[in-house]
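For reference, the structure discussed in these notes is given below.
The values are calculated or read from the model by the stated rules, or taken from the named source; none is laboratory data. Source: prediction; values computed, not measured. Positions of Cβ are backbone-derived with ideal geometry, glycine not excepted, and every protein chain shown enters the neighbour counts. Protein only, heavy atoms only, side chains kept; ligands, DNA and RNA dropped before computing areas. Shrake-Rupley method; radii C 1.70, N 1.55, O 1.52, S 1.80 Å.
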Amino acid sequence: MEGFDAYSHAIASLVIFTLIVLAMSPFSALAKQGKGLAPGATPEQDYADKAYRLNRAYLNGCETLPAFLTVTVAAILGGASPFWVNLLASLALLARIVMLIIHLRGTGNPHGGVRSIFYVAGWACMAVLGLMALVAAF
């Protein structure tokens, strides 16, 4: 891993995000099972329902992980600035963790609000990582 040690924070961010998503899977399944839902079923869309929020937080992680992984790995392999790749990947991870906490606590509004601010912050970090990967590739 000697060639990638300059990107250690970005690599750690990818691993931590993946572990968070993996850890959330059984909790989401148990919450749905507690409501009598079949595997793969989705709880009724009620932001006041903890099982719904937990499932949404898990699915949000599953939806975001491929993009986060792709742009971060592409930026690393392309040789983009380690400082910026590490910073942006770490900030994207932090934004996702804050979103997770907001989801699980049920704070804020179902639409808009502080959760959306952190979503946009994480999205912006990933978009910049993608642009950096494209610039580095050419």
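Using the empirical formula 2.2 N^0.38 Å as the baseline, the Cα radius of gyration of the chain reaches a ratio of 1.15.
Each of 60, 37, 72 was scored by the projection of its Cα onto the charge dipole of the stretch 23-138, and the greatest displacement toward the positive side belongs to 37; charges sit on the C-beta of Lys, Arg, Asp and Glu. Rounded to whole numbers, the Karplus 3J(HN,Hα) couplings from phi for the stretch 89-94 are 5, 5, 5, 4, 4, 4 Hz, using 6.51 cos²θ - 1.76 cosθ + 1.60 with θ = phi - 60°, and x at Gly and Pro. Tell me the angle of helix 114-137 to the major Cα principal axis of the chain, expressed in degrees between 0 and 90 and rounded to the nearest ten. So the inclination is approximately 30 degrees. Of 85, 128, 135, the order by accessible heavy-atom surface (1.4 Å probe, DNA, RNA and ligands excluded), from most exposed downward, is 135, 128, 85.
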